[in-house]
Amino acid sequence: MDVVELDRIAVQEAARVVELARGGDDGDWARDTPCAGWDLRRLVAHMTAQHHGFAAAARGVGGELGYWREPEEVDEPARAHRAAADAVLSAFAEPGALEREFVLPELGGGFAGRTAIGFHFVDYVVHAWDVAAALGVRLRLADEVLVAALAVARRVPTDPAGRGPGFAFAPARKVPERAGPLEETLRLLGREPEAWPGTSV
């Protein structure tokens, strides 16, 4: 599968698990998540904003920071997230998207479309897991998708100077010898799957 198709699968799975959330502020949206300090509502707001930002980048306007801004209040987070997911998938599917330069302000500049979509892909495998972990449900991602995500995760720099608060990823965690592809991806990108036993890795 090419990276656009891999990304589509990850984004659709993330949307599926987001749509399992129920209740208002005192329901699932207030649950803790593997993203330190973020409840599920805040995590989904971040995911929604990132979709809009990447869609803008695919169309040549990623440098305009307004596209990356998280919504302050969203009455229906799952619906807003689904609309953003549809927007980014449409943008990535446009002819020539893989060859364009994507400006990604949070990562410091411009990247080839293929590379940028790879970043988005691995991010949504991990964020799908974040949501699933918060809700105590399992992901439905095929092994070939998880192996492809691991290949991207292994290329993310692990220098501690570029990890932690204010950066895209927490410090990398130690990977056990027999870790599967999802567990290794999560640990390389700073997650601690053992703290969320309701979600298999």
> Considering only segment 1-32, how many residues are crowded, with 18+ Cβ neighbours inside 10 Å, assigned to a loop (DSSP other than H, G, I, E, B) and either free of Cβ contacts under 8 Å to residues at least 60 places away in the same chain or charged (D, E, K, R) (or both)?
Replying inline: 0
> In segment 34-60, how many residues are surrounded by 22 or more Cβ atoms within 10 Å (Cβ to Cβ) and either charged (D, E, K, R) or not in a helix (DSSP H, G or I) (or both)?
Replying inline: 1
> If you scan segment 168-187, which residues turn out to be farther than 18 Å from Thr199 by Cα, without any contact (Cβ under 8 Å) to a residue 24 or more places away in the chain and surrounded by fewer than 15 Cβ atoms within 10 Å (Cβ to Cβ)?
Replying inline: Pro171, Lys174, Glu177
>> Given (1) modelled with pLDDT of 95 or more; (2) in contact with a Ser or Thr (Cβ under 9 Å, 6 or more places away or on another chain); (3) open to solvent by 20 Å² or more (accessible area, probe 1.4 Å), identify the lone condition not met by Val74.
In response: (1)
> Which numbered condition trips up Glu99, out of (1) closer than 25 Å to Val156 by Cβ; (2) of a type in the set (Asp, Glu); (3) touching a residue at least 24 places away in the same chain (Cβ under 8 Å)?
Replying inline: (3)
> Can Arg69 be described as of a type in the set (Lys, Arg) and at pLDDT below 95?
Replying inline: yes
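Regarding segment 26-35, can at least one residue be identified that is of a type in the set (A, V, I, L, M) and at pLDDT 95 or above?
No, there is no match, as no residue in segment 26-35 is of a type in the set (A, V, I, L, M) and at pLDDT 95 or above.
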> Within segment 150-162, how many residues are part of a loop (DSSP other than H, G, I, E, B) and not hydroxyl-bearing (Ser, Thr, Tyr)?
Replying inline: 5
> For segment 103-141, how many residues meet the condition of being without any contact (Cβ under 8 Å) to a residue 60 or more places away in the chain and outside any helix (DSSP H, G or I)?
Replying inline: 7
> Checking Val147 against (1) out of contact with any Gly (no Cβ under 9 Å at 6 or more places or on another chain); (2) outside any helix (DSSP H, G or I), which test does it fail?
Replying inline: (2)
> Restricting to segment 92-136, what's the tally of residues that are open to solvent by less than 10 Å² (accessible area, probe 1.4 Å) and of a type in the set (Asp, Glu)?
Replying inline: 1
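The values are calculated or read from the model by the stated rules, or taken from the named source; none is laboratory data. Keep in mind that what you see is a predicted model, and the values were worked out from it rather than measured. Note that we place each Cβ from the backbone using ideal geometry, even for glycine, and neighbour counts take in every protein chain shown. All accessible areas refer to the heavy atoms of the entire protein, side chains included, with ligands and DNA or RNA removed. Shrake-Rupley method; radii C 1.70, N 1.55, O 1.52, S 1.80 Å.
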